[in-house]
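Q: Would you mind keeping the following structure in view while I ask a few things?
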Amino acid sequence: MKTKITSASITKIALLTALLCASAYISIPIGPSPITLQTLIVNLIAFLLTPAEAFFAILVYVLLGAIGLPVFSGGVGGVGKLFGPTGGYILAFLVSAPLMSLVKNYAVKALNRFGKKDSSVKKMTAYGLTAVFVGMTIVYLLGTAYMKLSLGASWLETLAMAVVPFIPLDLIKCAAAAFIAVPLKRALAKMS
């Protein structure tokens, strides 16, 4: 099956990749893994793009950082960041964004079975649940496993550093992404 690459999809990929790069600069260091807005933007990428587009947006981001551009958290670039303790989170974005993009439509369809109308509230709920149960799960699993291997810490220590402090804020970021994505998706559809 061939997919058509349009200038609109290239523009969306470029804009969302640029947002992901910028989101890494909003960083609060609290240990080996800082708090950033990256998860919010990764969720937006998943909600606004097709699975293939979402994969390419994240891939471009990873490649930009790998060649040394300072696009990773804290304004750092280079392959070393991918092999460091937080590299698993960056690589997990490559898996989570396309999967969330794929699952979001099924989640909306499932919620629509409970009523006839395709409402914005149902879409926001479906997007939020997809972000929490698919996106966060993948990012936490891969990121935590990678950090455990990188630091040689126990599972409990790694979870205490890499997951527990981030859950409340990540839940808020997932809800915010769902809230922002629905009207933004509608606006982008009108422009295409």
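Here, each number is a calculation from the coordinates, and none is a lab measurement. No experiment lies behind these values; they were computed from the predicted model shown. Positions of Cβ are backbone-derived with ideal geometry, glycine not excepted, and every protein chain shown enters the neighbour counts.
Q: Name the residue from Gly88, Gly77, Ala175 whose Cα lies farthest towards the positive end of the charge dipole of region 7-191, charges +1 on Cβ of Lys and Arg and -1 on Cβ of Asp and Glu.
A: Looking along the dipole axis, the top candidate is Ala175.
Q: Specify the angular offset, from 0 to 90 degrees and rounded to the nearest 10, of the alpha carbon long axis of helix 137-151 from the longest principal axis of the alpha carbons in the chain.
A: Taking Cα atoms only, the helix is inclined about 10 degrees.
Q: Given +1 on the Cβ of Lys and Arg, -1 on the Cβ of Asp and Glu, and no further charges, what dipole in debye does the chain carry about its Cα centre, rounded to the nearest 20?
A: 960
Q: Please give the length that would be gained between Ala14 and Leu171 if that part of the chain were fully extended, namely 0.36 nm times their separation in residues minus their C-alpha to C-alpha distance (nm, one decimal).
A: Extra length from Ala14 to Leu171 when fully extended: 53.9 nm.
Q: Shifting gears a bit: Going through region 64-146, which chymotrypsin sites (Phe, Trp or Tyr not before Pro) have at most 13 other Cβ atoms within 10 Å and a DSSP loop state?
A: Here the chymotrypsin sites (Phe, Trp or Tyr not before Pro) that fit, given the DSSP loop and packing criteria, are Phe114.
Q: So which trypsin sites (Lys or Arg not before Pro) in region 1-43 end up in coil per DSSP with only 16 or fewer other C-beta atoms within 10 Å?
A: Listed in order of number, the matching sites are Lys2, Lys4.
Q: A follow-up question, please. DSSP loop (so not H, G, I, E, B), at most 14 other Cβ within 10 Å: list which trypsin sites (Lys or Arg not before Pro) in region 33-129 pass both filters.
A: Arg113, Lys116, Lys117
Q: To continue, here is another question. Tell me, what is the percent relative contact order of the chain, built from C-alpha pairs under 8 Å that lie six or more residues apart?
A: Relative contact order, the chain: 24 percent.
Q: Now for a different question. Relative to the longest principal Cα axis of the chain, at what angle does helix 38-48 sit, 0 to 90 degrees, rounded to 10?
A: 30
Q: Please arrange Thr130, Thr36, Thr137 by counting, for each residue, the other beta carbons lying within 10 Å of its beta carbon, fewest first.
A: Thr137, Thr36, Thr130
Q: Within the chain, what is the number of lysine pairs with alpha carbons under 14 Å apart, leaving out pairs fewer than eight places apart on the same chain?
A: Lysine pairs meeting the criterion: 9.
Q: Cut-off is 10 Å between beta-carbons; in what order do Leu19, Leu37, Leu171 appear when sorted fewest neighbours first?
A: Listing Leu19, Leu37, Leu171 from fewest to most nearby Cβ atoms yields Leu171, Leu19, Leu37.
Q: Taking the Cβ of each residue in Leu159, Leu142 as the centre, tally the other Cβ atoms inside 10 Å and list the residues starting with the fewest.
A: In order of increasing Cβ crowding within 10 Å: Leu159, Leu142.
Q: Please work out how much length the chain gains when fully extended from Ile5 to Ala52, using 0.36 nm per residue of separation minus the C-alpha to C-alpha distance, in nm with one decimal.
A: Answer, rounded to one decimal: 15.9 nm.
Q: Please label the shape of region 85-156 as rounded, prolate or oblate, based on the square roots a ≥ b ≥ c of the eigenvalues of the alpha-carbon gyration tensor (a/c under 1.5 means rounded; beyond that, a/b larger than b/c means prolate, else oblate).
A: Prolate, since a/c reaches 1.5 and a/b exceeds b/c.
Q: Continuing with this model, one more query. Which one is right for this structure if Cα extents along the principal axes in Å is calculated from it: [x] 55, 36, 26; [y] 51, 31, 24; [z] 51, 36, 31?
A: [z]
Q: Between Leu156 and Asn112, what is the spin-label point distance in nm, taking each point 7 Å from the Cα along the Cα→C-beta axis?
A: It works out to 4.8 nm between the two label points.
Q: Right, next: Quick one: helix 167-191 against the long Cα principal axis of the chain, what's the angle to the nearest 10°, folded into 0 to 90?
A: 40
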